[in-house]
Amino acid sequence: QVQFVESGGGLVQPGGSLRLSCAASGFIFRSYAMNWYRQAPGKERELVAGISSTGGTTNYADSVKGRFTISRDNVKNTVYLQMNSLKPEDTAVYYCKQPIIGRWGQGTQVTVSS
């Protein structure tokens, strides 16, 4: 069964940093691209960052470019999202998912507030 388990969220002050992790299972992780998404209260879920199966190609939403970094460990079957210079508008529930297979996990809450 394909599964995604996100962790690492929390409350952080503006300008702070967090590192999110996503443990994937139930499929051949190293063969698939992975994405991070987020959903803020009252808003649609949006794509934040993506990474190719090998990690050689990454892409980012304009709103996070230069502040967030996506990476992966194909031995640990884990994808990461390093978030720096956090802003209040980054507050959301963050999810990881393979774009085509599996269902959404529970996500991890990130709150940026002073």
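Annotations
- So ALA40, is it in contact (Cβ under 8 Å) with a residue 12 or more places away in the chain, aliphatic (A, V, I, L, M) and over 16 Å from GLN98 (Cβ atoms): yes
- The stretch 20-68, residues that are open to solvent by 20 Å² or more (accessible area, probe 1.4 Å), farther than 17 Å from MET83 by Cα and part of a strand (DSSP E or B): ALA23, SER25
- Residue match in the stretch 50-66 (condition: of a type in the set (Lys, Arg) and either closer than 17 Å to GLY105 by Cα or in contact with a helix residue (DSSP H, G or I) (Cβ under 6 Å, 6 or more places away or on another chain) (or both)): no
- Inter-residue pairs, beta-carbon under 6 Å, first at positive phi and in the stretch 68-86, second assigned to a strand (DSSP E or B), 6+ apart: ASN77/ALA24
- Residue that is most open to solvent (accessible area, probe 1.4 Å), among those in the stretch 86-101 that are outside any loop (DSSP other than H, G, I, E, B) and of a type in the set (A, V, I, L, M, F, W, C): VAL93
- Scoring LEU81 on the criteria (1) open to solvent by less than 40 Å² (accessible area, probe 1.4 Å); (2) under 18 Å from VAL5 (Cβ atoms); (3) outside any strand (DSSP E or B) leaves a single failure, condition (3).
The values are calculated or read from the model by the stated rules, or taken from the named source; none is laboratory data. Since we're looking at a predicted model, the values are computed, not measured. Virtual Cβ from ideal backbone geometry, glycine too; neighbours counted across all protein chains shown. Areas reflect the complete protein model, heavy atoms only, side chains present, ligands, DNA and RNA absent. Shrake-Rupley method; radii C 1.70, N 1.55, O 1.52, S 1.80 Å.
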